[in-house]
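Data block below; observations after.
The values are calculated or read from the model by the stated rules, or taken from the named source; none is laboratory data. Predicted model only: the values in this text are computed from it and were never measured. Here the Cβ positions follow ideal geometry from the backbone for every residue, glycine too, while neighbour counts run over all protein chains shown.
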Amino acid sequence: MRVRVLGAVELICDDGTVQKLSRTRRTLLALLVAARGAPVSSDLLVEELWRGSPPATGVNLLHQRIRDLRRALGDDRRRLERRANGYALVGADVDQVRFEELVERGRAAAEAGDQERASLLFDAALVLWTGSAYGGVGESQMIATEAARLDELRVVAVESRAAADLALGRPAAVVGDLGPVVQDNPLRERLWLLLMTALWQSGRTAEALDAYQRLFRLLRDELGVEPSKDVRDLHLRILDGDDPELAPTRTREQIVPRQLPPVVAAFAGREHHLSMLDELVAEDEGRAVVISAIAGTAGIGKTTLALYWAHRSAPRFPDGQVFVNLRGFDPCDALDPLDALGVVLEAFAVERSRQPQDIDGRAGLLRSKLAGKRVLLVLDNARDSEQVRSLVPGSPGCVTLVTSRNRLSGLVAEAGARPMELGLLDDAEAYELLAGRLGAERLLAEPEAVERIIELCASLPLTLSVVAARAATRPAYALADLADELGESRLDGFGSGRGDLRATFSWSVRHLSDPAARLFRLIGLHPGPTLSVLAAASLAGISRVRARRLLDELTEANLLTEVAPGRFVLHDLLREYAADLATTEPDSVREEAQLRMIDHYVFSARSVHSAYDPHQSHLDATEPMREGVAVEIVGDSGEALAWIATQLPVISRVIDTAVAQGLAPDRIVLLVGALERLLDLQGRWIELAALAEAALPGVRRSVSQGGDPAGLGVMHRAAGAACGRLGRVQDALDHLGRALGLATESGDLVAEGKTLHRLATVATASGDHAGAAAYAARAADVFARGGDLIRAAWTTGRLGLYEALDGSYESGLRHCEAALAELRRVAPGYRSEGNVVATIGWIHQQLGAVDEAAGHFEEAVTKLRAAGDLPGLADALGHLAETRAALGKHEDARCARVECDAILAQLG
């Protein structure tokens, strides 16, 4: 029997059923558990059970309840012991005990510096909770005291997990975890400190500052005090623009990236190479090492060696370990040097929008970030020297491990990298690998079969690992039979290498269940680099639960690796093999799977967009979602932005694949349309321009074949908007001019209005405010004629801004006030209302009504911060600083200016 008190008090049988207990018996059980193994006197039990008014026969009734509880405990009745003048529950399986043990182990792991283990332990402890402690029982002071203690420990565990996750470089997860806990414990400053830190490190500076303001007001109004020194210091550091990676936590002095993927526990051989790596690091800091394969052999264990040494040597690099898969031999595309530098800089909390747009600029910034630090970079699967040359920092204290099928002679000659070439495992090392996976006893029982397996696998680590995975899942399976099967696969010597690998892959796939083998083939249609559970479910047209089980089966067979919870990758050779297998499926099956995959990203992006901006209504699909598609659902704007960050690389490749194969141009239009505003508001204009311009050829081809030209207009408008933000004015005007022509030709009023609005934005950025006002006036009229009242009102507000910028303050003010009134009528709480309020404030500022202007800017800052509109927020803060200074509020002005500058820096 199991006892649950972390939630409603329950007695649970082995089969998971819950024993039916009366409220009094549940209270009795709770009292005994709350004593934590100590005896509870009969008098106290009677007093607590009947809440200070025990009946005359209370002791007799207690004995009866004890007998009933013993019957409910069944075979565990002996754990309810009679002690002197009372009773004790001894050695029972109680979730409270497990919770406290896990928390204590988590604390020990954190103190020892093992933050990964600490996070896992705290997480396991918190999973045990299903509600408030000791729920569903009678009133009892003893129970209430114990419940309060546990609730406090629960919050401590949440704080400790957050601190560990921050130390591991996972601020986005911390933001999601802490939101509801902060709401339930609003006066607990430690939670606010962690939340502010996580928001700051996630690049959400404005939200971190807003969190401080909320805490400040709460403490002032409720307690008449100000935040603690730790919180105030963090606030000042954010305002001063300090590096967010140095934000304080209770576990480490600074936050560092810990990105090394997991590595197999049963590592075998390579002792000579491990020793060489140790010596190279010891003798020459700032060294780069190139780990290549003899004769370019794939599957020889380059990555495994690099990661095993990296994990073993991680304590030597206290400032971080960064892992980048360069995908040099990926059948789709390799990571170019500019993007690779971007990935590494993001690991050190430099947002893409804050990075230089050229290789030399990013390389210089990386060298600056790593100066004086001890960091390990693992650059996996490099194609050539050019791909990695700019990534090697060469700073004393930093080490770079590069793996490649090629020798990268240029990097060795020019950057002084040390070469290290891997050959095949010898027989002893191959035997050690199999023993680590299968156990020495199993190998000793069939020595001839083991010898034959090693020979058939040609001592190649990848093939040995695949075979070992198959044998491990069938412990009763004779190794001799396994060797016979391998022989039948004609794996007869190393020979061509890749042919033998494919034979091993084929043998392994044949032993999968039919559904898992089908999923593996369909995964070959996914462009990567990572695959989520929901994407796999969509490819196969199955449920999420079913997909998870099949992915687990593929992982057990060593055909797939789970690099993060719910995210999987394939070895590049396995991806290539899966893609080959996919060609054996009928054309109709392949096409339907790819269309479901595209729909997964399209409708997930729409869902994410809706969570971020529910007032936008331009995402109507031309047809319903295909059957069998699983869609990502997010809860708020923070989760939406996290999804964007992880899925953008995949979406980019999905678009490239769709364009190359002429698939679903209408859905690609929807995908870019769903992402446009999210990327725009976050300043990710380079990515937006790249996505739109990559999609244009496919959409253009579709139009030439009779497709709907409206989609071409969407692509040109998105590309034009991004180019305008990036200062590529002529490109922006070219794209937007084509979009406007398509919209007017088709009579699409919504598309025409949106394009006119974008043209107004480009015009005012170029200083042509009169031209911008003309575009905005046309846009407002078009939206009104099309019945889009929200956009009509919003664009009227922009018209007021452009008129004011051109010196027509009175007309501008009238248009803005009319726009604001209409927005509040048709769309209360509209996300961009703050921009109109800011414009009204600016006009008052120009007219000399500084006090009134300051009030509008205060309101605008609050609204824009909540909306996540970083460009608008920075603008409003800048003007708020000006009005505060004019009113003599110099310290308040400084705070607004510093926050404004921080956001502008973040936006690049």
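Taking region 293-318 as the range and being modelled with pLDDT of 80 or more and assigned to a loop (DSSP other than H, G, I, E, B) as the test, the residues that pass are Gly301, Phe317, Pro318. When the residues of region 665-683 are narrowed to those that are in contact with a His (Cβ under 7 Å, 6 or more places away or on another chain) and at pLDDT 80 or above, which ends up nearest to Pro697 (Cα to Cα)? Selected residue: Gly673.
Within this structure, Ser385 fails the test of being in contact with a Leu (Cβ under 6 Å, 6 or more places away or on another chain) and either modelled with pLDDT under 85 or of a type in the set (Phe, Trp, Tyr) (or both).
Residues in region 408-428 that are crowded, with 18+ Cβ neighbours inside 10 Å and over 23 Å from Gly328 (Cβ atoms): Leu425 alone. A single member of Glu899, Glu858 is charged (D, E, K, R) and modelled with pLDDT under 85, and it is Glu899. The condition (being at pLDDT 75 or above and either in contact with a helix residue (DSSP H, G or I) (Cβ under 6 Å, 6 or more places away or on another chain) or of a type outside the set (Ser, Thr, Tyr) (or both)) is satisfied by just one residue among Ala72, Ala84, Ala88: Ala88. Being of a type in the set (Gly, Ala, Ser) and crowded, with 24+ Cβ neighbours inside 10 Å is the filter here; which residues of region 177-203 pass it? Passing the criteria: Ala198, Gly203. Selection of region 463-474 for residues being part of a loop (DSSP other than H, G, I, E, B) and touching a residue at least 24 places away in the same chain (Cβ under 8 Å) yields only Thr473. Within region 319-338, being modelled with pLDDT of 85 or more and either in a helix (DSSP H, G or I) or surrounded by fewer than 21 Cβ atoms within 10 Å (Cβ to Cβ) (or both) holds for Pro337, Leu338. Name the residues in region 674-708 that are under 21 Å from Lys754 (Cβ atoms), in a helix (DSSP H, G or I) and touching a residue at least 60 places away in the same chain (Cβ under 8 Å), would you? Across region 674-708, the qualifying residues are Ala674, Leu675, Arg677, Leu678, Leu681, Trp685, Glu687.
Listed here are the residues, each with its yes/no results for (1) surrounded by fewer than 21 Cβ atoms within 10 Å (Cβ to Cβ); (2) assigned by TED's automatic domain parsing to the domain that holds Pro565; (3) of a type outside the set (Phe, Trp, Tyr).
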{"position": "Asp93", "(1), (2), (3)": "yes, no, yes"}
{"position": "Gly106", "(1), (2), (3)": "no, no, yes"}
{"position": "Ala109", "(1), (2), (3)": "yes, no, yes"}
{"position": "Gln115", "(1), (2), (3)": "no, no, yes"}
{"position": "Ala125", "(1), (2), (3)": "no, no, yes"}
{"position": "Trp129", "(1), (2), (3)": "yes, no, no"}
{"position": "Glu146", "(1), (2), (3)": "no, no, yes"}
{"position": "Arg149", "(1), (2), (3)": "yes, no, yes"}
{"position": "Arg154", "(1), (2), (3)": "yes, no, yes"}
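Scanning region 161-202 for residues that are of a type in the set (Lys, Arg) and assigned to a helix (DSSP H, G or I), we see that the one that is farthest from Leu223 (Cα to Cα) is Arg161.
Of the residues making up region 364-402, those that are closer than 22 Å to Asp319 by Cβ, of a type in the set (S, T, N, Q) and in contact (Cβ under 8 Å) with a residue 60 or more places away in the chain are Ser395, Thr400. Determine, yes or no, whether Glu159 is touching a helix residue (DSSP H, G or I) at 6+ places or on another chain (Cβ under 6 Å), in the same structural domain as Phe99 (by TED's automatic domain parsing) and within 30 Å of Val46 (Cα to Cα). No; evaluated as a whole, the condition is false for this residue.
For region 343-362, taking the residues that are crowded, with 21+ Cβ neighbours inside 10 Å and part of a helix (DSSP H, G or I), the one that is modelled with the lowest pLDDT is identified as Arg352. Does Val174 fit the bill of being buried (at least 23 other Cβ atoms within 10 Å of the Cβ) and either out of contact with any strand residue (DSSP E or B) (no Cβ under 9 Å at 6 or more places or on another chain) or at pLDDT below 80 (or both)? When the stated conditions are applied, Val174 passes them.
Do you know which residues across region 435-462 are part of a helix (DSSP H, G or I), surrounded by 19 or more Cβ atoms within 10 Å (Cβ to Cβ) and in contact (Cβ under 8 Å) with a residue 60 or more places away in the chain? Across region 435-462, the qualifying residues are Arg437, Pro461, Leu462. Scoring Ala428 on the criteria (1) within 18 Å of Gly269 (Cβ to Cβ); (2) more than 38 Å from the chain's Cα centre (by Cα); (3) not in a helix (DSSP H, G or I) leaves a single failure, condition (3).
Here is a yes/no grid of residues against (1) acidic (Asp, Glu); (2) closer than 23 Å to Leu570 by Cα:
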{"position": "Glu386", "(1), (2)": "yes, no"}
{"position": "Leu391", "(1), (2)": "no, no"}
{"position": "Val402", "(1), (2)": "no, yes"}
{"position": "Ala415", "(1), (2)": "no, no"}
{"position": "Glu421", "(1), (2)": "yes, no"}
{"position": "Leu424", "(1), (2)": "no, yes"}
{"position": "Ala428", "(1), (2)": "no, no"}
{"position": "Ala435", "(1), (2)": "no, no"}
{"position": "Arg442", "(1), (2)": "no, no"}
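Val836 meets the conditions (1) without any contact (Cβ under 8 Å) to a residue 40 or more places away in the chain; (2) surrounded by 17 or more Cβ atoms within 10 Å (Cβ to Cβ) in every case but one. The failed one is (1). Pull up region 653-689, narrow it to residues that are buried (at least 18 other Cβ atoms within 10 Å of the Cβ) and small (Gly, Ala, Ser), then point me to the one that is farthest from His526 (Cα to Cα). Restricting to residues being buried (at least 18 other Cβ atoms within 10 Å of the Cβ) and small (Gly, Ala, Ser), the top hit is Gly683. Condition test on Val402, is it in contact with a strand residue (DSSP E or B) (Cβ under 7 Å, 6 or more places away or on another chain), at pLDDT below 85 and not polar (S, T, N, Q)? No; evaluated as a whole, the condition is false for this residue.
Residues of region 768-806 that are crowded, with 24+ Cβ neighbours inside 10 Å and of a type in the set (Val, Ile, Thr): Val782, Thr795, Thr796. Is it the case that Ser513 is modelled with pLDDT of 70 or more and either hydroxyl-bearing (Ser, Thr, Tyr) or touching a strand residue (DSSP E or B) at 6+ places or on another chain (Cβ under 8 Å) (or both)? Yes. If you go through region 39-61 and keep only what is in a loop (DSSP other than H, G, I, E, B), at pLDDT below 75 and farther than 15 Å from Val137 by Cβ, you end up with Gly52, Ser53, Pro54, Pro55, Ala56, Thr57. Number of residues in region 127-160 that are under 19 Å from Leu32 (Cα atoms) and part of a loop (DSSP other than H, G, I, E, B) equals 8.
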